[in-house]
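The next block holds one structure in the form of structure tokens; read it before the comments.
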Amino acid sequence: MAGRRGVMAAGLAGFPRCARFLRLGLITPIAAMLVAIGLPARAALPAAYEAIVVQPVPQDGNRIEFDLRPALAQARAQRKWLYVYLGASDCPFCRRYEAFLAANATALLPHFREKYLLVDLRSALDVTATRMILRSDRHRLPYADFQRAIGDQRARMLVYPSVWLLDPEGQPLMQMPAGAGTFETVPEQLEILRLEN
């Protein structure tokens, strides 16, 4: 397979990021080609998790909006918390986390289903913090302002993947780390789900 990746990467010479990720084995050849020709690679939490999918809605000024209000309403109705996942279609670290969830579904699903509704925000790496708007019942703000408005103390740049644990009113249950190495083992993921951090 490594040889095939090298040949495919050579064909992606005009797309250095895709070619590099392919050579490193971080994305599949099909995903690399989809990104290279401008089609979104399949980015998603595994189907077994039955996530609420929130697609971005284009806004003026090249911005996109993720509307969390339907998910918050459902969380209130079911008396559950939200596990909000922000992934990008062209993010190899997002694929790694999604693969981890798929491989460990048997161990993790009962813990997710007990207390959480999963929300899958589908983005792309070229969507920066200034282009992203998040909407809840109380706020409609750009990413960084939204973070501050809900009391998230992480003063950081937008990182893919990102996860928020929110109550049904949209307030954080705990301060969360972000990025690729956050939840790489089942015990680490369970610690987060149990709010033991």
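Coordinate-derived values only; no laboratory data. Given the structure is predicted, the values throughout are model-derived calculations rather than measurements. Cβ: placed from backbone, ideal geometry, glycine included. Neighbour counts: every protein chain shown.
Neighbours of GLN171 by Cβ distance under 12 Å: Lys/Arg scored +1, Asp/Glu scored -1, total -3.
What does the net charge come to around ARG76 if you take all other residues with beta carbon closer than 12 Å to its beta carbon, with K and R at +1 and D and E at -1? Let's see the in-between values first.
Numbers: positive: ARG69, ARG79, LYS80; negative: ASP137, ASP167, GLU169.
Within the 12 Å Cβ shell, the charges total 0.
Is the shape of the range 65-175 best called rounded, prolate or oblate, per the rule: a/c under 1.5 gives rounded, else a/b larger than b/c gives prolate, else oblate, with a ≥ b ≥ c the square roots of the Cα gyration tensor eigenvalues?
Working: a/c = 1.86, a/b = 1.09, b/c = 1.71.
It is oblate, given that a/c is not under 1.5 and a/b is not larger than b/c.
Listed peptides 102-114, 71-83 appear in the order 71-83, 102-114 once ranked by packing, highest mean of other Cβ atoms within 10 Å at the front.
Quickly rank 159-168, 142-151 as a protection proxy: mean count of other C-beta atoms within 10 Å, highest first.
On the way: 159-168: 20.1, 142-151: 16.4.
The densest-packed peptide leads the list: 159-168, 142-151.
Order of MET176, MET132, MET157 from fewest to most other C-beta atoms within 10 Å? Show your work: numbers first, answer last.
Details: MET176 17, MET132 22, MET157 10.
Ordered by Cβ neighbours within 10 Å, fewest first: MET157, MET176, MET132.
Protection proxy ranking of 189-195, 84-90, by the mean of other Cβ atoms within 10 Å over each peptide's residues and highest first, is 84-90, 189-195.
If you take all other residues with their beta carbon under 9 Å from the beta carbon of LEU193, and give Lys and Arg +1 and Asp and Glu -1, the sum is -1.
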